[in-house]
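Here the structure is laid out as structure tokens; the discussion comes afterwards.
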Amino acid sequence: MFALRKPSQQTSELAGMADPPKGSTPTTFGELVAETLGSFIIAIFGFGVVAQVTVGAGALGGHDSISWSWGLGVTFGIFVAGAISGAHLNPAVTLAVATYKGFPWAKVGPYILAQLVGWFVGALVIFLNYMNSIKALDPNLSFKTQGIFSTSPGNGNNALDVHLPQAFMDQVLGTAVLVFLIFAITDVLGANPTPAVSAIAVGLIIVGIGFALGTNDGYAINPARDFAPRLMEWIVGYKDAWLDQRGNVFFWVPILGPLVGGLVGGGVYQATIARTLPTTVPSK
């Protein structure tokens, strides 16, 4: 996503997306550990708040607390991983920075695997932490609590009349907005605020997307955030983990939609703002 350092120090092949601190000797293993732990931190705050709201039947929070906790989790995840790996924490971001920002393609697969591990372990930890409450509410581990960890059309509410096409479009749109704004924040010729402010800004993007685009598919906007926890659900006993509330095979929507959306958002930024900045803003 971005490195927690000043743009004047950028020297590596990653074009500011994952530069290590000056004078250090980064390793791929260290970057993968950072991606795993950063993803884990987001999962703890994200799935934790949804679990709390669900088992508390709305008495322990609601939509706003969910949006804020996800945003805070992203900010904290960036603080954990940003200076080491660039804090992608999302396969859609990794694919976009490899396509448009010079991130090495050889690292794409390992980064995504590390992200999946972090999201899986984070979801599992939250499940174990809330397991008794979840099973008391939903002994059969059904769709009643499946939404704690994975998304569905209309967040499982059929009255909203959201189907696969709308959910897919929602994922494309939300992830396009996310990646477009990440590129805008981290562009060395653009706003490019201090590292701490950048981390907070990206967290606020998540909060804003949750407020504006949280209905049609729970703003997964991250293939690892949905697939790895869904796999965890299937392993612990959610027999319909790969399906939506209507019985449709749904797991591919929050995987393919964000990957497409990340490429769209990144491509739009590169074709518009990135091409215009060098001719209108003095080089920093």
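Here is how the numbers come out for the structure above:
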item: Lys/Arg +1, Asp/Glu -1 at C-beta; the chain dipole; positive extreme among 54, 194, 253; result: 194
item: The chain, accessible surface, carbon-and-sulfur percent (1.4 angstrom probe); result: 68 percent
item: For the chain, calculated [θ]222 nm from helices alone, where every DSSP H run of n ≥ 4 adds -39500 (n - 2.57); result: -21000 deg cm²/dmol
item: Accessible-area value, residue 75, 1.4 Å probe, nucleic acids and ligands omitted, Å²; result: 10 Å²
item: Hypothetical label at residue 194: residues of the stretch 64-91 whose amide nitrogen lies under 18 Å (7 Å Cα-Cβ projection); result: 75-76, 78-80, 82-83
item: Proximal aspartates and glutamates to residue 107, defined as alpha-carbon separation beneath 16 angstrom and excluding residues fewer than eight positions away on the same chain; result: 13, 19, 31, 35
item: Residue 72 accessible area, assembled protein chains, probe 1.4 Å, Å²; result: 80 Å²
item: Principal axis dimensions, largest first and in whole angstrom, of the stretch 28-68 by Cα; result: 44, 16, 7
item: Gyration tensor verdict on the stretch 124-207 (Cα atoms; rounded if a/c is under 1.5, prolate if a/b is larger than b/c, oblate otherwise); result: oblate
item: Protection-proxy order for peptides 186-194, 115-123, 54-62, each taking the mean of Cβ atoms within 10 Å per residue, highest first; result: 115-123, 186-194, 54-62
item: Hits among aspartates and glutamates - C-alpha to C-alpha of residue 135 under 14 Å, sequence gap 8 or more where chains match; result: 233
item: Rounded to whole Å, sorted largest first: equivalent-ellipsoid semi-axes of the stretch 70-167, Cα gyration tensor; result: 31, 19, 12
item: Diffusion constant of the stretch 140-267 at 4 °C, which comes from Stokes-Einstein with the Kirkwood Cα-pair radius and 1.567 mPa s, µm²/s; result: 85 µm²/s
item: Using alpha-carbon coordinates, inclination of helix 223-236 to the longest axis of the chain, degrees; result: 30 degrees
item: Surface accessible to a 1.4 Å probe, per residue, for the residues of the chain, Å²; result: 42 Å²
item: Distance between the stretch 118-167 and the stretch 91-105 - C-alpha centres, whole angstrom; result: 30 Å
item: Rg/Rh for the stretch 48-88, where both radii come from Cα atoms and Rh is the Kirkwood radius; result: 1.17
item: Viscosity 1.306 mPa s, 10 °C: Kirkwood-radius Stokes-Einstein D of the stretch 16-127 over Cα pairs, µm²/s; result: 109 µm²/s
item: Distance histogram in 5 Å bins (all Cα pairs of the stretch 208-284, percent per bin); result: 3, 13, 16, 19, 14, 10, 8, 6, 4, 3, 2, 0
item: Segment residue 164-residue 249, extension gain: residue separation times 0.36 nm, minus the distance between their alpha carbons; result: 29.7 nm
item: Quarter of Cα convex hull surface for the chain, i.e. mean projection, nm²; result: 14.1 nm²
item: Charge dipole (debye, nearest 20) of the chain; +1 at Cβ of Lys and Arg, -1 at Cβ of Asp and Glu; result: 460 debye
item: Residue-count net charge about residue 162 - beta-carbon cut-off 12 Å; Lys, Arg +1, Asp, Glu -1; result: -3
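The values are calculated or read from the model by the stated rules, or taken from the named source; none is laboratory data. Since this is a predicted model, take the numbers as computed values, not measurements. Methodologically, a virtual Cβ is constructed for each residue, glycine included, from the backbone with ideal geometry; neighbour enumeration extends over all protein chains shown. All accessible areas refer to the heavy atoms of the entire protein, side chains included, with ligands and DNA or RNA removed. Shrake-Rupley method; radii C 1.70, N 1.55, O 1.52, S 1.80 Å.
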